[in-house]
Amino acid sequence: MHWFLAVERRLTRTALELAIIAMALVVALTFYQVVTRFVLGHPSAWSEVAARSAMIWMVFLGLAAAFRMGSMIAVDLLVDLSPPAMRRIVHMIVGVASLVFLAILIWYGTAMALRVRSQNLAGMSITIAWVYAALPAGSALALFGVIARMMEVWREPAGAHDDELKNVEGSV
């Protein structure tokens with residue numbers, strides 16, 4: 001279990017760092033687009049598409065860290081409303097539902113990326129499959145976080161995991 005958590009921690013941290021880089025790229029590309037459009041009067045044909053693509057990657061890479069930290073508003077509400085004895089069960093149900101959802105995203109995201117691999121992004125000579133690949137890549141990374149979170153919830157005594165999991169946020 002320790003090796004899995006170590007691998008998951010490194011994968012989640014790397015995904016989060018890449019999401020931050022993608023966010024910086026979105027900001028830079030959007031700034032470039034504004035300058036070329038409104039200052040120079042000659043809008044760039046590729047920067048808007050590139051910014052949108054980087055934003056998609058940012059979201060799906062950030063998904064790994066979000067799932068690992070349990071940053072889901074509806075889930076927090078369910079956990080807070082349930083009695084302490086039921087909280088572990090709620091966490092497990094949410095974890096299994098998340099795994100199913102991520103598996104579906106991996107399956108259909110891969111199929112979609114393969115389906116559009118012969119199409120290029122507008123204004124760029126890059127296949128659009130690279131954009132669609134964010135779905136299965138980010139979802140696969142998020143699987144590790146969901147499993148790790150479920151393992152930590154399960155190994156803690158009933159009720160004790162609530163405070164412990166809030167501390168996990170600082171370790172990612």
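Please specify each residue of region 1-42 satisfying the condition of being modelled with pLDDT of 90 or more and part of a loop (DSSP other than H, G, I, E, B).
Scanning region 1-42 gives LEU40, GLY41, HIS42.
Hey, among the residues in region 44-63 that are of a type in the set (Gly, Ala, Ser) and assigned to a helix (DSSP H, G or I), which one's farthest from the chain's Cα centre (by Cα)?
Only one residue fits best here, namely SER47.
Of all residues in region 1-14, how many are more than 14 Å from GLY138 (Cα to Cα) and either surrounded by 13 or more Cβ atoms within 10 Å (Cβ to Cβ) or of a type in the set (Gly, Ala, Ser) (or both)?
As a first pass, look at region 1-14 and keep what is more than 14 Å from GLY138 (Cα to Cα): 1-7, 9-10.
Okay, now just the ones that are also either surrounded by 13 or more Cβ atoms within 10 Å (Cβ to Cβ) or of a type in the set (Gly, Ala, Ser) (or both), so 5-6, 9.
So the answer is 3.
Looking at this structure, is THR36 of a type in the set (Ser, Thr, Tyr) and either more than 22 Å from the chain's Cα centre (by Cα) or closer than 20 Å to TRP130 by Cα (or both)?
yes
Among the residues of region 71-93, are any surrounded by 19 or more Cβ atoms within 10 Å (Cβ to Cβ), closer than 28 Å to SER125 by Cα and in contact (Cβ under 8 Å) with a residue 40 or more places away in the chain?
No; the residues of region 71-93 include none that is surrounded by 19 or more Cβ atoms within 10 Å (Cβ to Cβ), closer than 28 Å to SER125 by Cα and in contact (Cβ under 8 Å) with a residue 40 or more places away in the chain.
When you scan region 122-172 for helices (runs of 4 or more DSSP H) that lie fully inside it, which ones turn up with 1 or more residues that are modelled with pLDDT under 90 and farther than 21 Å from VAL59 by Cα?
The helices (runs of 4 or more DSSP H) meeting that bar are 134-155, 161-171.
Filter region 64-87 for residues that are in contact with a helix residue (DSSP H, G or I) (Cβ under 7 Å, 6 or more places away or on another chain) and not in a helix (DSSP H, G or I); which is modelled with the lowest pLDDT?
GLY70
Only one of these conditions is not met by GLU17: (1) buried (at least 16 other Cβ atoms within 10 Å of the Cβ); (2) out of contact with any helix residue (DSSP H, G or I) (no Cβ under 8 Å at 6 or more places or on another chain). Which number is it?
That leaves (1) as the condition not met.
The values are calculated or read from the model by the stated rules, or taken from the named source; none is laboratory data. Keep in mind that what you see is a predicted model, and the values were worked out from it rather than measured. Positions of Cβ are backbone-derived with ideal geometry, glycine not excepted, and every protein chain shown enters the neighbour counts.
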